[in-house]
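Working notes for the structure below.
The values are calculated or read from the model by the stated rules, or taken from the named source; none is laboratory data. Everything quoted here is computed from the prediction, not taken from an experiment. Here the Cβ is made from the backbone with ideal geometry for all residues, glycine too, and neighbour counts use every protein chain on show. What goes into the accessible areas is simple: the full protein's heavy atoms, side chains included, and nothing from ligands, DNA or RNA. Shrake-Rupley method; radii C 1.70, N 1.55, O 1.52, S 1.80 Å.
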Amino acid sequence: MKYISTYASPIGKIILCSNGEFLTHLFFDGQKYSEVYLEGDATQKELPVFREASKWLDEYFCGRYPGFFSQIKLCGTPFQLSTWELLRKIPYGKTVTYGQLAHEICRQTGKEKMSAQAVGGAVGRNPISIIVPCHRVIGTDGSFTGYAGGTDKKQVLLKLEKII
């Protein structure tokens with residue numbers, strides 16, 4: 001069963017999805033790739049995980065670090081999962097580049113090379129925006145490229161964390 005709820009953020013409506021126990025998706029309404037997550041039947045229902053995610057988001061949008069949110073279930077390819085786990089390790093108020101993530105994946109897997117573009121593809125398909133902080137990944141030149149929710153939202157999120 002798939003459940004959905006909404007959260008009214010200061011920068012747009014956020015859709016929350018759950019399997020009934022864990023948060024499985026969190027994205028801005030109309031976000032790139034979001035249509036894939038909304039396929040099939042979903043029931044609008046308030047669940048404990050949605051209440052917890054909403055509390056987390058309330059803290060976050062007040063400009064405070066809300067702590068680690070553990071009630072998530074990530075599903076993807078092994079490459080995507082390893083990339084998303086690296087995203088979860090980016091500290092609040094810090095950024096990394098796509099190249100740095102590629103370098104870390106190489107270090108972890110023993111691969112000689114990894115394309116920053118391949119990493120960007122996995123980052124862009126992160127199913128749990130904000131909580132899995134893909135907005136903290138920037139271009140090597142410091143540019144705010146590659147945010148599925150839109151670079152305008154990415155910029156606001158980075159300002160909330162006092163990164164810019």
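Just a few scattered comments:
- Electrostatic tally near G150: other residues with Cβ closer than 15 Å to its Cβ, Lys and Arg +1, Asp and Glu -1, net +3.
- Exposed-site-free run, longest, the chain (rule: GluC sites (Glu not before Pro); DSSP loop; at most 16 other C-beta within 10 Å): 47-111
- Overall, the chain carries a charge dipole of about 360 debye about its Cα centre when +1 sits on the Cβ of Lys and Arg and -1 on the Cβ of Asp and Glu, all other atoms neutral.
- An oblate overall shape is assigned to segment 62-146, the ratio a/c of its alpha-carbon gyration tensor axes (a ≥ b ≥ c) being 1.5 or greater and a/b not exceeding b/c.
- Look at the alpha carbon pairs under 8 Å that are at least 6 residues apart: their mean separation over the length of the chain gives a relative contact order of 22 percent.
- Antiparallel bridge percentage (DSSP; both residues within the chain; nearest 5): 65 percent
- Shown for segment 1-158: the carbon plus sulfur share of the solvent-accessible area, taken with all protein chains present and a 1.4 angstrom probe, equals 53%.
- Projecting the Cα atoms of G99, G40, N19 onto the charge dipole of the chain, computed from C-beta unit charges around the Cα centre, puts G99 farthest toward the positive end.
- Solvent exposure of the chain as accessible area per residue, Å², 1.4 Å probe: 51 Å²
- Only lysine pairs 8 or more places apart, or on different chains, with alpha-carbon atoms under 12 angstrom apart are counted in the chain, and they number 4.
- If R0 is 30 Å, the Cβ-Cβ spacing of I163 and K73 corresponds to a FRET efficiency of close to 0.60.
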